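S.K.: I have a structure I would like to understand better, so I am pasting it below and will then ask my questions one at a time.
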Amino acid sequence: MPRPPKTVLISKKEIGQRLRATRRERDMSQADLAELLGVTQPNISAVEIGRRGITVQQLVKLCRALHVSPDDILGETKTGRDSPKRSKLLRRLQLAERLPPADQRALLGHLDALLKSRGIIKR
């Protein structure tokens, strides 16, 4: 028995446009996103222009890298998006995880000192 034709709920082009908008809101280049995901920049470009679709696994990885929910990319909701300034800070912290442990401790020390000096933390 032949399968019925698939109904397209959201096009590759639409997903790509939403991905591009979300990436740009976070002041992130295609190369930055590709590096976080362990793929090449042309792969990101192909998704953004709608030439290439994404799997559920790729959607999850994209959402984690961009700090959004799948609904933000798939267009179901517009809530829960981080501000561009906040996402820039989160991206830097994500990149800092690649530093050697001693450098990570030093960075945390500087961050703690700044937060203490502003009265944000009391430790």
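The values are calculated or read from the model by the stated rules, or taken from the named source; none is laboratory data. Computed from a predicted model, the values in this text were never measured in an experiment. Cβ coordinates were reconstructed from backbone atoms using ideal geometry, including for glycine residues, and neighbour counts include every protein chain displayed. Areas reflect the complete protein model, heavy atoms only, side chains present, ligands, DNA and RNA absent. Shrake-Rupley method; radii C 1.70, N 1.55, O 1.52, S 1.80 Å.
S.K.: Assess whether Gln30 counts as being open to solvent by less than 60 Å² (accessible area, probe 1.4 Å) and modelled with pLDDT of 95 or more.
M.R.: Judged against the criteria, Gln30 is a match.
S.K.: Answer yes or no as to whether Arg91 is modelled with pLDDT under 85 and surrounded by 13 or more Cβ atoms within 10 Å (Cβ to Cβ).
M.R.: Judged against the criteria, Arg91 is a match.
S.K.: Which of (1) under 28 Å from Gly50 (Cα atoms); (2) at pLDDT 85 or above is the odd one out, the single condition Glu76 does not satisfy?
M.R.: Every condition holds for Glu76 apart from (2).
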